[in-house]
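These notes concern the structure reproduced below.
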Amino acid sequence: NVLSDFGTAPSFDAILGAPFLLQSDLEISLATKEIKFFKPTNCDNAVLSYWDHDAVQIPFKWRSAGRDNPQFKVLLNGKEATAIIDSGTSTTVITHRAAEKAGLKMNAPGVEQAFATAGVGLKRIARWNATLGTLQIGRETIENADVGVIAADDFDADVILGADFLRSHRVLFAMSQKKLYISYVGGDALGQWRRIE
């Protein structure tokens with residue numbers, strides 16, 4: 001796993017997490033099973049998504065002193081939220097607080113109680129499976145997005161885009177420009193919880 005920040009327990013990917021991997025620009029393409037590192041020179045204003053010049057570009061900021069996954073803005077049912085990308089999380093999740101802000105109720109029809117999920121360390125966190133009306137990431141809008149809702153509101157980010165997102169998107173963490181380049185590459189854009197537990 002790459003960029004693991006929400007893993008189940010200390011492991012090898014805790015050693016090779018975001019602080020190590022994001023020392024240079026990092027491209028993740030799970031669809032083609034590739035991870036590439038770049039060190040751009042004099043490319044401050046260049047479009048770095050060489051595979052797609054129309055890729056979504058999103059500025060990011062560090063959550064805490066540049067040591068964690070970069071944080072950026074998304075919209076949940078039109079409401080602003082903060083997000084990170086974490087390949088250590090198998091499916092995309094949002095916090096209970098963010099779900100409520102977006103108008104998603106845990107007792108609504110179609111919302112299912114799921115098995116508790118593992119959080120940081122050995123802590124178990126209550127989880128629901130739900131369908132979010134829209135998740136907007138820059139120009140991309142994902143409709144009827146299957147997401148997990150976790151009963152944890154102590155994270156700095158409201159949304160954790162997991163490996164399901166990375167399977168359907170090519171992402172470049174352009175550390176040199178402090179922005180993300182994101183392209184949809186096909187398949188279910190999000191939320192494969194109906195098939196993955």
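The values are calculated or read from the model by the stated rules, or taken from the named source; none is laboratory data. Since the structure is predicted, the reported quantities are computational estimates derived from the model, not experimental observations. No Cβ is skipped: glycine too gets one built from the backbone with ideal geometry, and neighbour counts run over all protein chains shown. The accessibility values were calculated without ligands, DNA or RNA, using every heavy atom of the protein model including side chains. Shrake-Rupley method; radii C 1.70, N 1.55, O 1.52, S 1.80 Å.
If you place +1 on the Cβ of every Lys and Arg, -1 on the Cβ of every Asp and Glu, and leave all else neutral, what size is the dipole of the stretch 123-195 about its Cα centre, to the nearest 20 Debye?
In debye, rounded to 20, the stretch 123-195 gives about 280.
Leaving out ligands, DNA and RNA but keeping every protein chain, what accessible area does LYS123 have, in Å² rounded to the nearest 10, with a 1.4 Å probe?
Answer for LYS123: close to 120 Å² accessible.
With all protein chains present and a 1.4 Å probe, how do HIS96, HIS53 order by accessible area, largest first?
HIS53, HIS96
Keeping all protein chains in the complex and leaving out DNA, RNA and ligands, what accessible area do you get for THR134 with a 1.4 Å probe, in Å² to the nearest 10?
40
Leaving ligands, DNA and RNA out of it, work out the accessible area of ARG124 with a 1.4 Å probe and give it in Å² to the nearest 10.
150
Which of the lysines could a cross-linker bridge to LYS39, judged by Cα under 27 Å and excluding same-chain residues fewer than eight apart?
Straight-line reach from LYS39, under 27 Å: LYS61, LYS73, LYS178, LYS179.
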